[in-house]
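The values are calculated or read from the model by the stated rules, or taken from the named source; none is laboratory data. Here the structure is a predicted model, which is why all the values come from computation and not from measurement. Note that each Cβ is placed from the backbone with ideal geometry, even for glycine, and that neighbours are counted across all protein chains shown.
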Amino acid sequence: MDDAPAELDALLTRTAAGDQAAFSDFYDRTVSRVLGLIRRILVDAAQSEEVAQEVFLEAWQSAARFDPNKGRALTWIMTMAHRRAVDRVRASQAARERDTAIGIRDLPTAFDDVAETVEVRVEHERVEEAMAVLSEAQRRAITLAYYGGLTQSEIAAELGIPLGTAKTRLRDAMIRLRDELGVTR
């Protein structure tokens with residue numbers, strides 16, 4: 001099956017001109033080599049046949065780009081086949097990695113309920129101790145904001161104070177709480 005390289009070049013050149021018979025002959029002479037290369041890379045027979053079909057479709061559509069002065073037709077189509085097969089391997093690998101990442105993300109995270117409860121309780125106690133350091137006015141403003149869910153305007157109305165005073169109390173209270181809890185910015 002040692003097809004003369006010049007004959008394959010001529011067939012591909014005629015294919016570029018739209019000669020379907022030349023393309024059919026080119027296909028018959030090269031399909032086993034193209035499919036063999038793709039199978040060595042992909043292993044899976046069904047995927048290999050699919051990629052080979054894509055390669056020959058691309059060869060038909062882009063035959064005009066073939067230049068016999070730059071290389072042989074067999075080299076041209078084998079390079080195309082190799083690239084397509086490698087692209088398919090990369091796409092499959094990326095899909096596996098993506099599926100694995102999604103699978104890991106969707107796994108329920110195991111955690112220790114007792115440790116979680118203790119940690120929440122300790123944090124709650126720390127916040128209570130820090131709140132005790134605040135002035136009554138600051139504590140009331142913080143309580144309305146964070147436990148009551150009120151806005152600064154609503155806090156000012158609730159306490160009967162100007163909006164600027166409510167904002168100042170909240171800001172000062174947050175600074176003091178941050179310092180007491182040892183939170184860094």
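Kindly indicate whether any position in the stretch 163-170 is under 30 Å from Asp28 (Cα atoms) and out of contact with any helix residue (DSSP H, G or I) (no Cβ under 8 Å at 6 or more places or on another chain). No, the conditions are met nowhere in the stretch 163-170. Quick one: in the stretch 149-177, of everything that is exposed (fewer than 14 other Cβ atoms within 10 Å of the Cβ) and not in a helix (DSSP H, G or I), which residue is modelled with the lowest pLDDT? Selected residue: Gly149. Summed over the stretch 36-66, the residues that are closer than 18 Å to Glu7 by Cα and loosely packed, with under 12 Cβ neighbours inside 10 Å give a count of 1. For the condition of a type in the set (S, T, N, Q), out of contact with any helix residue (DSSP H, G or I) (no Cβ under 7 Å at 6 or more places or on another chain) and loosely packed, with under 13 Cβ neighbours inside 10 Å, what is the one hit in Thr184, Thr143? Of the residues listed, the single one that is of a type in the set (S, T, N, Q), out of contact with any helix residue (DSSP H, G or I) (no Cβ under 7 Å at 6 or more places or on another chain) and loosely packed, with under 13 Cβ neighbours inside 10 Å is Thr184.
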